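Enquirer: Got a structure for you, written out below as C-alpha cells; questions coming shortly.
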C-alpha cells in the first residue's frame, strides 16, 4: 500500500488505532509530525495504522521519520490523483443522490436550527456515497444529474459570476471528496480512528465513522479552518472576479470564489465535529473556537502538548556560559511562519549587533516559490553573512547553540518548539499567536508567578521583534531569569508523561467500545 515498502496489514488483521493524517507525518517534518511520532512511540502496546493524505505524490518523496515498530500499516493517498473519464455518451446519473447531497449543502449554509439535522443528514449521505463510491465519482465527473445540479446552484447563487470559474471551482472542491469515499471504503479494519485535523482527513474520518460505527477521535493542533482561511486569502491560484458580497465593495471584501473555498472548508470542519468524540484542542482558547465553529461543547476537551523532558533538559549542559548572539527560527519556510518578518527584523538587529546571526532552521520544499522569495529578501537587504538557511536539522543540535528561540508566525496553536526550547534552556520571543502568551508569561496566577520566559510581540512587526530581541540579549540578568522561568514552566505542566497518560486514557475509553 506504500510506495516505500512500509508495513501492511494482512487478511484478518486489525489495528488498534488508525491515524488519519493530512500533509504531515511521516512525510513532512514539523510540530504536528513530531507530536504524532511522540504518540506512536510513547504508546508501544498499541498497534497503529497510518493513512497519509497529500496533494501530489512528487511533494512527498521520502519518509522523514523512522517508523516505530508498533506501526503495523502505512498507506498513502493523493488528492491530485482524480480519475479522468472520457465522455463517450452522456448518462443520467443518480438523481436521488444529488438531491440528498443538495439538502446537505443547504444545511451548511442555513440557520442553526437547520444545522441540528447535520448528523442525521451526514449519515444518509455517507451511506449513499459509501455504497458505491466509484459509481458516484463517475457520476459527479460526467453525469447529466451532476451537470444539472451545478447549473441550478449557479443560477441561484452565482449567476453574475463567471460560469466557467464556478464550474471548475465546484469540481475542484468536490472531486477529492469522492476520492476520500473510495479510501474509506477500502481502509483496513481498526478498533478506533483518530484524525489529526478537519479538512479532507476530517471528512474521511466522518465517512469511516459512519461506515464502520467505530469511535472517531479528533485532535486539532491549530484550527484547520482558520489556518486554511489564511492561506486562501493569500492564494494566487484563486481567480476572483474582483467583486464580493459586501455591498460597499470595499478593499477588505473577500471575493466570491475565495468565499466559496472558505465556506467549503468550514463545512468539512462541521462534518468532522459532528462525527467525532472527543474533540481535542491544545488550549482553552482553541477549544472555545471549536465550539463557535460548530463543535458540541460536551464533546470538547483540552490536552496540552508535552515534551520529552529528559531529552531536552540534557541539552542545557551543552550550552556555553556566554549567551549566543544567535536568533533561531525553527520551522518550515512557508508563509504562515512569516519568515520575511524574521529576516527584516534581523536587518535591525544586525545594525545594533553586527556579530549577531539569524538561523532559519527548517525545510524549504513545501513552498519553493516562497522560499526563493525569502532568499531574495536576504540578498536584497545585504544579509547574506547574517541570515543563514540551515534546512531541516535535528532540533537537539540547534537549541544549545542559539540565544533566542524566535517565532514570527501569523498562526500557531501550542508550538512544540517553544516547549522544547524552554526545556533546553532557551527563552522564547514570539508573535502573539495561539497560546504562546500563556507559555511565555503564564496562564494562571501561580503560573505567572514563575516569571516571563521571554517576550511576545505583535504579528508582522519586524521593528518590535528586533527591539525585543536586542533587549533580551543585552541584559544577561533578564535573559537568565527568562531561562529559569521557561524551565520551571515546562517541568510543571508540559511533560510528555502527562500528555501520554491523557491519550492512553482516551484510547482506552474508545477501545472499550469493542
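Enquirer: Could you pull out the residue among 185, 206 that is in contact with a helix residue (DSSP H, G or I) (Cβ under 6 Å, 6 or more places away or on another chain) and either surrounded by fewer than 21 Cβ atoms within 10 Å (Cβ to Cβ) or not in a helix (DSSP H, G or I) (or both)?
Expert: 185
Enquirer: Of all residues in the stretch 63-84, which are surrounded by fewer than 11 Cβ atoms within 10 Å (Cβ to Cβ) and either within 28 Å of residue 151 (Cα to Cα) or modelled with pLDDT under 90 (or both)?
Expert: Passing the criteria: only 84.
Enquirer: Condition first: in contact (Cβ under 8 Å) with a residue 60 or more places away in the chain, touching a strand residue (DSSP E or B) at 6+ places or on another chain (Cβ under 8 Å) and part of a loop (DSSP other than H, G, I, E, B). Now tell me which residues in the stretch 309-336 satisfy that.
Expert: Within the stretch 309-336, 325, 331 meet the criteria.
Enquirer: A further question on this structure: May I ask you to verify whether residue 22 is crowded, with 21+ Cβ neighbours inside 10 Å and more than 20 Å from residue 506 (Cα to Cα)?
Expert: Judged against the criteria, residue 22 is a match.
Yes/no matrix, rows are residues, columns are (1) in contact (Cβ under 8 Å) with a residue 24 or more places away in the chain; (2) under 13 Å from residue 188 (Cβ atoms):
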| residue | (1), (2) |
| --- | --- |
| 10 | no, yes |
| 16 | yes, yes |
| 32 | yes, no |
| 36 | yes, no |
| 42 | yes, no |
| 45 | yes, no |
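Enquirer: Residues being touching a strand residue (DSSP E or B) at 6+ places or on another chain (Cβ under 8 Å) and over 20 Å from residue 440 (Cβ atoms): count how many of those fall in the stretch 490-514. Break it down into steps so the answer makes sense when it comes.
Expert: Start the filter on the stretch 490-514 by keeping residues that are touching a strand residue (DSSP E or B) at 6+ places or on another chain (Cβ under 8 Å), which leaves 490, 494-496, 506-507, 510-511, 513-514.
From what's left, over 20 Å from residue 440 (Cβ atoms): 496, 506-507, 510-511, 513-514.
Selection size over the stretch 490-514: 7.
Enquirer: Then there is this: I need a count of the residues in the stretch 1-22 that are in a loop (DSSP other than H, G, I, E, B), in contact with a helix residue (DSSP H, G or I) (Cβ under 8 Å, 6 or more places away or on another chain) and within 29 Å of residue 269 (Cβ to Cβ). So that I can check it myself, show each step before the final result.
Expert: Applying the first criterion (in a loop (DSSP other than H, G, I, E, B)) to the stretch 1-22 yields 1-14.
If we keep only those that are in contact with a helix residue (DSSP H, G or I) (Cβ under 8 Å, 6 or more places away or on another chain) too, we end up with 3.
Right, trim to within 29 Å of residue 269 (Cβ to Cβ) and you get none.
Number satisfying all stated conditions: 0.
Enquirer: Conditions first: (1) closer than 22 Å to residue 236 by Cβ; (2) outside the structural domain of residue 418 (by TED's automatic domain parsing). Residue 337 passes all but one, so which condition is the exception?
Expert: In the conditions (1) closer than 22 Å to residue 236 by Cβ; (2) outside the structural domain of residue 418 (by TED's automatic domain parsing), residue 337 misses (2) alone.
Enquirer: Here's another thing I want to ask about it. Exactly one of (1) outside the structural domain of residue 324 (by TED's automatic domain parsing); (2) surrounded by fewer than 17 Cβ atoms within 10 Å (Cβ to Cβ) is unmet by residue 460. Its number?
Expert: (1)
Enquirer: Still on this structure, I have one more. Tally the residues that are outside any helix (DSSP H, G or I), modelled with pLDDT under 90 and crowded, with 22+ Cβ neighbours inside 10 Å, restricting the search to the stretch 25-60.
Expert: The qualifying residues number 1.
Enquirer: Against the conditions (1) at pLDDT 95 or above; (2) farther than 20 Å from residue 199 by Cβ; (3) outside the structural domain of residue 483 (by TED's automatic domain parsing), where does residue 314 fall short? Just the number, please.
Expert: (3)
Enquirer: Another question, if that's okay. Among (1) within 26 Å of residue 212 (Cα to Cα); (2) more than 22 Å from the chain's Cα centre (by Cα), where does residue 4 come up short?
Expert: (1)
Enquirer: I'd like to verify a number: residues in the stretch 270-289 that are part of a strand (DSSP E or B) and buried (at least 24 other Cβ atoms within 10 Å of the Cβ), how many?
Expert: Going through the stretch 270-289 one residue at a time, the tally reaches 2.
Enquirer: Read through the list (1) free of Cβ contacts under 8 Å to residues at least 40 places away in the same chain; (2) over 16 Å from the mean Cα position of the chain (by Cα), then give the number of the only condition that residue 287 fails.
Expert: For residue 287, the exception is condition (2).
Enquirer: Looking at (1) touching a helix residue (DSSP H, G or I) at 6+ places or on another chain (Cβ under 9 Å); (2) over 25 Å from residue 483 (Cα atoms); (3) without any contact (Cβ under 8 Å) to a residue 60 or more places away in the chain; (4) part of a helix (DSSP H, G or I), can you tell me which one residue 372 breaks?
Expert: All conditions pass for residue 372, except number (1).
Enquirer: In this structure, does residue 473 turn out to be under 23 Å from residue 312 (Cα atoms) and buried (at least 20 other Cβ atoms within 10 Å of the Cβ)?
Expert: Details: under 23 Å from residue 312 (Cα atoms): yes; buried (at least 20 other Cβ atoms within 10 Å of the Cβ): yes.
So residue 473 fits the description; yes.
Enquirer: Something else about it: Restricting the stretch 378-427 to residues that are free of Cβ contacts under 8 Å to residues at least 60 places away in the same chain, part of a helix (DSSP H, G or I) and out of contact with any strand residue (DSSP E or B) (no Cβ under 9 Å at 6 or more places or on another chain), which is farthest from residue 325 (Cα to Cα)?
Expert: Among residues in the stretch 378-427 that are free of Cβ contacts under 8 Å to residues at least 60 places away in the same chain, part of a helix (DSSP H, G or I) and out of contact with any strand residue (DSSP E or B) (no Cβ under 9 Å at 6 or more places or on another chain), the one farthest from residue 325 (Cα to Cα) is 380.
Enquirer: Residue 398: surrounded by 18 or more Cβ atoms within 10 Å (Cβ to Cβ), in contact with a helix residue (DSSP H, G or I) (Cβ under 8 Å, 6 or more places away or on another chain) and modelled with pLDDT of 95 or more, yes or no? Can you show your working first?
Expert: Values: surrounded by 18 or more Cβ atoms within 10 Å (Cβ to Cβ): yes; in contact with a helix residue (DSSP H, G or I) (Cβ under 8 Å, 6 or more places away or on another chain): no; modelled with pLDDT of 95 or more: yes.
No, not satisfied.
Enquirer: Name the one entry in 345, 267, 295 that is in contact with a helix residue (DSSP H, G or I) (Cβ under 7 Å, 6 or more places away or on another chain) and in a loop (DSSP other than H, G, I, E, B).
Expert: Result of the check over 345, 267, 295: 295.
The values are calculated or read from the model by the stated rules, or taken from the named source; none is laboratory data. Since we're looking at a predicted model, the values are computed, not measured. Quick reminder, even Gly has a Cβ in these numbers, built from the backbone with ideal geometry, and neighbours come from all protein chains shown.
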